[in-house]
Amino acid sequence: MIGIITEFGKRVSTRWVTAILLPGSLWVIVFGIAVVLGHGSPFDLARLVAETEALGDEFVRHPGRAVVAVVLAVAGAGVAGTVATGLGRLAQRWFLRRRFLTGGLITRSRWSRRSRALAAARRAGVDPVAAYLPQRPTWLGDRVRLVEARVRAQYHVDARLVWPRLWLLLDEDTRRPISDAHARYADAVSLMGWGLLYLVPGVVWWPALLISATVVVTAWTRLRVTVAELAELIESAIDLRLRDLAEAIGTPFGGNEVKPVEGRALDDRLGKAGPA
């Protein structure tokens, strides 16, 4: 037990250093540069060097102040990491939201993803599946919703009810790629939070706005890649193991194709609907 606790502590410490302390320290440094240089002289290296040397001399004369400065810097990095994590989660909720702020105005515009999908279907001469058309404000939200729509159309079950139970049936080798993809997604969410946090030094030092834009664009790109990968893996796991879940829960499927009544029976059992 002590060994498990020790190993867990090591992993938490490593995670805290790589995810919080290092990026937080970089943010603190950029914030300090922003305060020293400001908008008036954003690239005045001579001034930055002079201020740094003066601060170093101050710490040599007063070692106690150096200790306090280091403690404050580490604490500031920790606070920055906490704030960045919160900002990342807020951004995640914003990207995955269900409703448009403008109602259906953007959805009906000729430049919306839904309109472009309909136009592409017309050019290809095919009838689009209404449930598969874009319906959420962002691509990320629609990619997540598409898993639910496709599972519902194919198996007549609610993926939100199925997935937590099916996850418990997966072996470690099957879980690993899904867990790895989720970890990369979480890192992208955190990176988005850091990108937004760099707007703060950007208020007094405009180059920080360029840093913020670069980090946000990079995070958005990674979010698209990781969400697509994670959605594909989750849907694949449902395709391969849904029958095992149905048998384990006591509502096995009959033939090769899942009938609507069978899907509803599994949904009722998972949703604790009770006897009909």
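Computed values, structure above
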quantity	calculated
Average silhouette area of the range 22-91, convex hull of alpha-carbon atoms, in square nanometres	5.6 nm²
Summed residue charge, Cβ within 14 Å of LEU191's Cβ, Lys/Arg positive, Asp/Glu negative	+3
Probe 1.4 Å, accessible area per residue of the chain, Å²	62 Å²
Average projection area in nm² (convex hull over Cα atoms of the chain, one quarter of hull surface)	23.0 nm²
Förster radius 41 Å - calculated FRET efficiency between ARG89 and ARG264, Cβ distance, rounded to 0.05	0.75
Helix axis angle, 139-155 relative to the chain longest principal axis, alpha carbon, degrees	20 degrees
Semi-axis lengths, Å, the range 158-276, gyration tensor of Cα atoms, sqrt of 5 times eigenvalues	43, 15, 11
DSSP loop trypsin sites (Lys or Arg not before Pro) with at most 15 other Cβ within 10 Å: longest gap in the chain	111-271
Accessible surface, 1.4 Å probe, highest first, among residues TRP194, TRP206	TRP206, TRP194
Carbon and sulfur %, accessible surface of the chain computed with the full protein complex present, 1.4 Å	65 percent
Estimated D of the range 31-183 in µm² per second, where Rh is the Kirkwood radius over Cα pairs and Stokes-Einstein applies at 37 °C, 0.692 mPa s	153 µm²/s
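The values are calculated or read from the model by the stated rules, or taken from the named source; none is laboratory data. Note that the coordinates shown come from a computational prediction; the quantities given were computed from them, not determined experimentally. Backbone-built Cβ (ideal geometry, glycine too); neighbour counts: all protein chains shown. Quick note on the areas: whole protein, heavy atoms, side chains included, nothing else; ligands and nucleic acids left out. Shrake-Rupley method; radii C 1.70, N 1.55, O 1.52, S 1.80 Å.
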